[in-house]
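Q: What follows is a single structure, and I will ask about it in a moment.
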Amino acid sequence: MGFQDMTLAKFNDVLASGAPTPGGGCASALAGALAAGLVAMVARATAGNKKFAECAEQMNQIASEVDRLRGELLALVDEDAKAFDQVMAAFRMPKETPEQQAARSQAIQDAYKAAVQPPMNAYSRSLRVLELTLEVAERGNPTAASDAGVAALLAMAAIEGGALNVQTNLGSIKDESFRSGQAERARRVRSQAQALRDKTLAVVRTRLG
């Protein structure tokens, strides 16, 4: 059974255990999925209300897009755990001969590079969720404004968490070009996300009165 197929209680129990997975990367992807779910809810609550008929088509399109993003982020919960397991498997490779040591060292580097991908995918998708959060905050049903605000906070947590996990893996990668490129990408995403979060929360607070 994958983590995304567990009940909330079971997943939280496993998260709280001493097992290395699920960890922060999995939790970050889940936060992004929860944000997407809230955006879909606000969009549908708006599209289904006759008072907002003029933006129903836009809201239905948003709901459809965040449904896709939600599924992708949930899949990343398991992908992040599998990537970490591959890192651990590389460390368990034999190292008795020079040839084994070289193969093990290369496998470790390859595994760390692969482990960067799931959290990077999680924060890039969460950035899109955050962009859509601003749209539903601005044009959505004001009775669901607080839900849009919570979505913005969860999406930002997913982005910050994903960036931290990328940084963790980059610290073990020797390829300086790869490291600097990924670090710069994470910095740009975080900067964009912070501006979107602040703008969204300002809109939400205005609509709440």
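The values are calculated or read from the model by the stated rules, or taken from the named source; none is laboratory data. This one's a predicted model, so the numbers in the text were calculated from it and none came from an experiment. Note that we place each Cβ from the backbone using ideal geometry, even for glycine, and neighbour counts take in every protein chain shown.
Q: Among the residues of the range 15-24, which ones are under 16 Å from residue 74 (Cα atoms) and free of Cβ contacts under 8 Å to residues at least 60 places away in the same chain?
A: 15, 22
Q: Looking only at residues in the range 111-158 that are among the charged types (D, E, K, R) and farther than 20 Å from residue 186 by Cα, which one is surrounded by the fewest Cβ atoms within 10 Å (Cβ to Cβ)?
A: 138
Q: Pairs under 7 Å by beta carbon, first residue under 15 Å from residue 25 (Cα atoms) in the range 106-120, partner small (Gly, Ala, Ser) and surrounded by fewer than 17 Cβ atoms within 10 Å (Cβ to Cβ), six or more apart or different chains?
A: 112/172
Q: When both residues are 6+ apart or on different chains and their Cβ atoms are under 9 Å apart, which pairs have a first residue that lies in the range 134-158 and is over 19 Å from residue 51 (Cα atoms), and a second that is of a type in the set (Phe, Trp, Tyr) and in a helix (DSSP H, G or I)?
A: 158/123
Q: Search the range 1-44 for residues being β-branched (Val, Ile, Thr) and closer than 18 Å to residue 152 by Cβ, and hand back the single one that is surrounded by the fewest Cβ atoms within 10 Å (Cβ to Cβ).
A: The selected residue is 42.
Q: Would the range 94-104 turn up any residue that is in contact (Cβ under 8 Å) with a residue 60 or more places away in the chain and not aliphatic (A, V, I, L, M)?
A: no
Q: To continue, here is another question. So which of 81, 31, 40, 19 is modelled with pLDDT of 95 or more and within 23 Å of residue 114 (Cα to Cα)?
A: Every option except 31 fails the conditions.
Q: Scan the range 60-99 for residues that are under 24 Å from residue 136 (Cα atoms) and more than 22 Å from the chain's Cα centre (by Cα) and report the count.
A: Number of matching residues: 1.
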